[in-house]
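Contents: one structure, followed by commentary.
The values are calculated or read from the model by the stated rules, or taken from the named source; none is laboratory data. All values derive from a computational prediction rather than experimental measurement. Every residue, glycine among them, receives a Cβ derived from its backbone with ideal geometry; neighbour counts consider all protein chains shown.
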Amino acid sequence: MNQNKPVKYLWLLIPASLVLAACGSETAVPETATDVPKVTSNGYACPAPEFPTEVTSTELNLFVWTEYIPSEMIECFELIHGVKVRRDEYSSDEDLYNGVSGGGSNYDLILPSDYIAGFMSREDLLQELDHAKLPVLKNFNPNYLDFEFDPGNKYTIPYLVGTDAIVVNTRAVETVPQSWGDLWNSEYAGRLVFLDDSRAVIGMTLLSLGYDVNTTDPVQLEEAREKLNEIIPNIKVFDSDSPKTALLAGAVDLGMTWTGEAFIAQQGNPDILNVFPTEGAIIWQDNWALLKNAPHPDAAYAWLNYINQGNIFWMVIRDWPYINPNQAALDFARDNPMKVMDVDGNETTLAALYDAYMASPITNVPVNIIKQGHRIVDVGETTLLYENIWDEVRNGQ
């Protein structure tokens, strides 16, 4: 899923020695010029690798969702390993697939969502991961490992998890929707923002009809096509780059979006509410995967081991507040007095950001919501029918 352009939390410019202490790094404060720590452009002293990885490559090529990766994470990796990170971006899983399926790409790592990862592994586009080279796997909560789309995590490791649910400005909307089906209300004409995501949008339409989000029944899909066309007058914008932007600007009043977008929007406007629909939210997981012909696999393994350290991956809690599968990062943040700036430019601590993460049902999703949720899976040859429905709906917008 796309998770885009939030209002960034900014570092306080504090001495590197204090940052090192806050991060729990074992690196001593330097006493000579040659021992000066590697510090990012905004003042973060990069921690040493917990899982040293031999790297001879000098570059790493990523193909990832728009934004979605903290800048210090990239900068620290480059500083620590001497590897230049090059990044191209996409706004949908379909764009990702189209970008690599023809072969000839120079990408190493990609960030597919669950169903696309399963599909790509069956298409022989991914290479199996060598778990012996990934000691960092111990940092993950096992609840986010070993899913149906990748049994045993042969091809993927988690990045972030989230839900697709309803978001609404309660000050602007008189009748707050409680279900996916409510979004067809004529009261919302021209007021909705929707994700530009075929499986999510068709999936919520199927759920509103009482059908499986992964149905392969052509009769049910035809009914979904007809119903989806009916909601087009209500949709002002499809946006997978930053769906919260139109909401915060008042250009739209409600719609469907991802977890992190809803959380950030609510930080900017407390009147914005995240509603888990009665038919159930759509649950997704984005994952790192190594392409079959990745030219720099050594740098890819070094990246996966380094960024998933607790004292690096905590940055994601700050910048991209989705459901975080990295237990080491959550543990690192929990009691950490490190000073950061919150969304309003106020000084706070990493522990306070953790507390906000845990207190919000958007990021710390209740167990019953997860149990009632729906995961999108690969539907095989029926994928073409889903694509045809989406092309018709989008072109007829």
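Could you tell me which residue of region 228-240 is modelled with the lowest pLDDT, considering only residues that are outside any strand (DSSP E or B) and crowded, with 16+ Cβ neighbours inside 10 Å?
Of region 228-240, the ones outside any strand (DSSP E or B) are 228-234, 239-240.
Adding the requirement that they be crowded, with 16+ Cβ neighbours inside 10 Å leaves 228, 231, 234, 239-240.
Numbers: L228: 96, I231: 95, N234: 94, D239: 92, S240: 87.
For region 228-240, the residue satisfying everything is S240.
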Residues (closer than 10 Å to H81 by Cα and among the charged types (D, E, K, R)) located in region 47-58: E54
Can you tell me how many residues in region 321-336 are surrounded by fewer than 20 Cβ atoms within 10 Å (Cβ to Cβ) and modelled with pLDDT under 95? 1
How many residues of region 48-66 are touching a Pro at 6+ places or on another chain (Cβ under 8 Å) and closer than 17 Å to D286 by Cα? The answer is 0
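Do we find that V252 is buried (at least 24 other Cβ atoms within 10 Å of the Cβ), not in a helix (DSSP H, G or I) and not assigned by TED's automatic domain parsing to the domain that holds S121 in this structure?
Numbers: buried (at least 24 other Cβ atoms within 10 Å of the Cβ): yes; not in a helix (DSSP H, G or I): yes; not assigned by TED's automatic domain parsing to the domain that holds S121: yes.
It is true that V252 is buried (at least 24 other Cβ atoms within 10 Å of the Cβ), not in a helix (DSSP H, G or I) and not assigned by TED's automatic domain parsing to the domain that holds S121.
Hey, can you tell me all the residues within region 343-397 that are among the polar types (S, T, N, Q), under 19 Å from L273 (Cβ atoms) and surrounded by fewer than 17 Cβ atoms within 10 Å (Cβ to Cβ)?
Just the residues of region 343-397 that are among the polar types (S, T, N, Q), to begin with: 346, 348-349, 360, 363-364, 368, 372, 382-383, 388, 395, 397.
Then keep just the ones that are under 19 Å from L273 (Cβ atoms); that gives 360, 363-364, 368, 372.
Within region 343-397, N364, N368, Q372 qualify.
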Filtering region 158-215 down to residues that are among the polar types (S, T, N, Q) and in a loop (DSSP other than H, G, I, E, B), which residue is nearest to W288 (Cα to Cα)? N214
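Within region 150-165, can you find the residues that are in contact (Cβ under 8 Å) with a residue 40 or more places away in the chain and over 17 Å from the mean Cα position of the chain (by Cα)?
Keep residues of region 150-165 that are in contact (Cβ under 8 Å) with a residue 40 or more places away in the chain, which gives 150, 155-165.
Those that are in contact (Cβ under 8 Å) with a residue 40 or more places away in the chain and over 17 Å from the mean Cα position of the chain (by Cα): D150, Y155.
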Could you go through region 34-42 and let me know if any residue there is modelled with pLDDT under 90, more than 23 Å from Q285 (Cα to Cα), outside the structural domain of T257 (by TED's automatic domain parsing) and in contact with a Phe, Trp or Tyr (Cβ under 6 Å, 6 or more places away or on another chain). yes
Only one of E54, E89, E50, E94 is surrounded by fewer than 21 Cβ atoms within 10 Å (Cβ to Cβ) and assigned to a helix (DSSP H, G or I); which? E94
